[in-house]
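Q: Sharing a structure here in structure tokens format.
The values are calculated or read from the model by the stated rules, or taken from the named source; none is laboratory data. Since we're looking at a predicted model, the values are computed, not measured. Don't worry about glycine lacking a Cβ; one is built from the backbone with ideal geometry, like all the others, and counts go over all protein chains shown. Calculation scope for accessible area: heavy atoms of the full protein, side chains included, ligands and nucleic acids excluded. Shrake-Rupley method; radii C 1.70, N 1.55, O 1.52, S 1.80 Å.
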Amino acid sequence: MKYISTRGGMVPQSFSDVLLEGLAPDGGLAMPETLPDIRPHLSAWASLGYAELAAEVLGLFADDIPSADLRRLTAEAYREGVFSSAAIVPLKPLPGYAGGSLTLLGLSEGPTLAFKDMAMQFLGQVFEYVLGQRGQQINILGATSGDTGSAAEYALRGKRNVAVYMLSPHGLMSPFQRAQMYSLQDANIHNIAVHGMFDDCQDIVKQLAGDLDFRRRYQIGAVNSINWARIAAQVVYYIHGWLRANVAGGEVSFAVPSGNFGNILAGHIARSMGLPIRHLVLATNENNVLEEFFRIGIYRPRASAQTYVTSSPSMDISKASNFERFVYDLVGRDPERVRALWAQLAAEGQFDLSAEQSRFEREFGFVSGSSTHQDRLETIRAVHAASGVVIDPHTADAVKVAASHVEAGVPMLVLETALPAKFSATIVEAIGIEPARPAALAELEQLPQRVEVMDNDAQAVRRYIEAHAG
Ligand SMILES: *Cc1c(COP(=O)(O)O)cnc(C)c1O
């Protein structure tokens, strides 16, 4: 499989090539040139464990990696010990709620209790593998407000040829999130707490990565959500969910708590490969840019000042970095059209595809909805009362929206993107109970922490990397 750019300006590249790049050289995003039809494989795949299924599916996307090697990488990434059970991704029914029509797809059983582990654990393995093959090293430079940074650090800790420099806003993450990241003692993990906001951290990353000389000399790379390997790894759990829903060839719908559009884009790719998906139900919180697009066809990202801080913070995103990949398919994979739309976005702050709105559901299966803080509290409360299950606020966004899109005879799988223990304040507010924490993390906040506190100054970060990258 070869990869091309949504803006049309990249010679076709292999999986391993796009793995190590961020944006394509023309500013677009990598997409497969063509997608294979997986329908002939589905019945044979039904008996596979998660790691074996991942090797089969990722083998379609990464056909430049020998399949025996890929099987080894997925067996390392998706095993009990890294994840809480041999199922890796359990299906958890919510009996009694919404007529018993909803089932959680448990994507948060990994080391950081959020779905980003699903892609990052594979990314950690395949990075080390490809760098080793090529005799290269990489210094990952990133900014995080919580989930992405910890998932990346747990996946890359102790990996050969990789170092991580992760910036976070000093004092602004939850004590749990801080302890998760700063308690890592691995020599290749560097936590840098910046006196500033998340946006300041992001600006420092942009400034340093934008310095081509520095970037080349120190082999600066990224693991952000536009990395194609993350999308490919996420396609696996849609297929796994469909197989486990056991619908004998019938359709399944998926409801997805959405921010950067990476998770649900993987659902779109799975559907494009022939997986029988009826609806992709896109759920947002009060930051409803994507919900609005799928409702009226106008894409209107908000300024930072109009991006709300909510109780599902990992979805507090105003600009969905993966959205361009869906628009590319929507406009018939016409890179000129994509370039024109993004030029218009830069000039006018929005673009209008309302003429195509009727195709969103009919051709692509997309429907959307949003929730408020009050909706999330009520949903957490109602699900707990009906089924005894405690869900996190992001999952609650999707449960609330999913409930209004249930159809008879079509199972609805709701993607559980975090465990409630990670967002305990909102759980306590909703049901007055502190959510259970996995036993291994009971004393997390008591572990010694290791973090470099720095001024909001790109040059200070640069000097730190120069001193440590050698
Ligand atoms: C990142 C994240 C999301 C949003 O996923 P996208 O791929 O950015 O749409 C939702 N919920 C949680 C808990 C997350 O960490």
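Q: Let me spell out the model: positive unit charges on the Cβ of Lys and Arg, negative unit charges on the Cβ of Asp and Glu, origin at the Cα centre of the chain. What dipole size does that give, in debye rounded to 20?
A: The dipole magnitude comes to about 460 debye.
Q: Treating only the Cβ atoms of Lys and Arg (+1) and Asp and Glu (-1) as charged, compute the dipole magnitude of segment 364-470 about its Cα centre; round to the nearest 20 debye.
A: Values: 8 positive and 14 negative charges, 25 e Å.
Using only the charged Cβ atoms, the result is roughly 120 debye.
Q: I need the phi-derived Karplus couplings for segment 279-287: 6.51 cos²θ - 1.76 cosθ + 1.60, θ = phi - 60°, integer Hz, Gly and Pro marked x.
A: For segment 279-287, the Karplus curve yields 10, 9, 8, 8, 10, 10, 8, 4, 7 Hz.
Q: Same structure, new question: Give me the 1.4 Å probe accessible area per residue for the chain, excluding ligands and nucleic acids, in Å².
A: Details: 18110 Å² over 470 residues.
On a per-residue basis, the chain sits at 39 Å².
Q: When all protein chains stay in place, what accessible area (Å², nearest 10, 1.4 Å probe) is found for residue 336?
A: 130
Q: Between residue 378 and residue 453, what is 0.36 nm times their sequence separation minus the Cα-Cα distance? Round to one decimal in nm.
A: Working: separation 75, 0.36 × 75 = 27.00 nm, distance 3.91 nm.
Value of the extension gain: 23.1 nm.
Q: What is the dipole size for segment 214-342, taken about its Cα centre, with +1 at each Lys and Arg Cβ and -1 at each Asp and Glu Cβ, in debye to the nearest 20?
A: Values: 15 positive and 9 negative charges, 103 e Å.
With only Lys, Arg, Asp and Glu charged at Cβ, the dipole is about 500 debye.
Q: Let me make sure I get this right: for the chain, a, b and c are the square roots of the gyration tensor eigenvalues over alpha carbons, sorted descending. Under 1.5 in a/c it's rounded, otherwise prolate if a/b > b/c, else oblate. Which is it?
A: Details: a/c = 1.27, a/b = 1.13, b/c = 1.12.
Rounded is the answer for the chain, as its axis ratio a/c remains below 1.5.
Q: Got a sec? Charge dipole of the chain, +1 on Cβ for Lys and Arg, -1 for Asp and Glu; which of 234, 263, 58 is way out at the positive end?
A: In the chain, that residue is 58.
Q: I'd like the Karplus ³J(HN,Hα) series for segment 210-227: coefficients 6.51, -1.76, 1.60, θ = phi - 60°, whole numbers in Hz, and an x wherever there's a Gly or Pro.
A: Working through the residues one at a time gives x, 8, 4, 5, 4, 4, 6, 4, 9, 6, 7, x, 9, 10, 6, 6, 7, 4 Hz.
Q: Relative contact order of the chain: what whole-number percent is it, with Cα pairs under 8 angstrom and at least 6 residues apart? List each step's numbers first, then the result.
A: Numbers: 898 pairs, mean separation 87.8, N = 470.
In percent, rounded to a whole number, it is 19.
Q: Can you list residues from other chains, or at least 5 along the same chain, whose modelled amide H is less than 5 Å from the amide H of residue 159?
A: For residue 159, no residues qualify.
Q: Reported to two decimal places, what Rg/Rh ratio describes segment 284-395 when computed on Cα atoms with Rh from the Kirkwood expression? Mind showing how you got there, number by number?
A: Details: Rg = 16.4 Å, Rh = 15.6 Å.
So for segment 284-395, dividing Rg by the Kirkwood Rh gives 1.05.
Q: Which entries in the list 319/422; 92/206; 319/400 go over 31 Å, if you measure between the two C-alpha atoms of each? Walk me through the intermediate numbers first.
A: Working: 319/422 24 Å; 92/206 40 Å; 319/400 23 Å.
Pairs exceeding 31 Å: 92/206.
Q: Something else: Select from 377, 353, 389 the residue farthest towards the positive end of the dipole of segment 284-397; place +1 on Cβ of Lys and Arg, -1 on Cβ of Asp and Glu, and compute about the Cα centre.
A: The residue sitting most towards the positive pole is 353.
Q: Related question: Could you tell me which of 111, 436, 321 has its Cα farthest along the dipole of the chain towards the positive end, charges placed at Cβ (Lys, Arg +1; Asp, Glu -1), taken about the Cα centre?
A: Going by the Cα projections, it comes out as 111.
Q: R0 = 41 Å: FRET efficiency of residue 439 with residue 336, Cβ-based, nearest 0.05? Before the final figure, lay out each step's value.
A: On the way: r = 55 Å, r/R0 = 1.35.
That gives a FRET efficiency of 0.15.
Q: Right, here's the next one. Share of the chain's accessible area from carbon and sulfur, percent, 1.4 Å? Write out the running numbers ahead of the final one.
A: Working: 8840 of 18110 Å².
Ligands and nucleic acids excluded, carbon and sulfur give 49 percent.
Q: Enumerate the amide H contacts of residue 366 below 5 Å, restricted to partners 5 or more residues apart or on another chain; note that Pro and chain-start residues carry no placed amide H.
A: 280, 361
Q: Using each residue's phi in segment 263-274, evaluate 6.51 cos²θ - 1.76 cosθ + 1.60 at θ = phi - 60° and report the 3J(HN,Hα) Karplus result to the nearest Hz, with x for Gly and Pro.
A: Once θ is set to phi - 60°, the couplings for segment 263-274 become 5, 6, 4, 4, x, 4, 5, 4, 5, 5, 8, x Hz.
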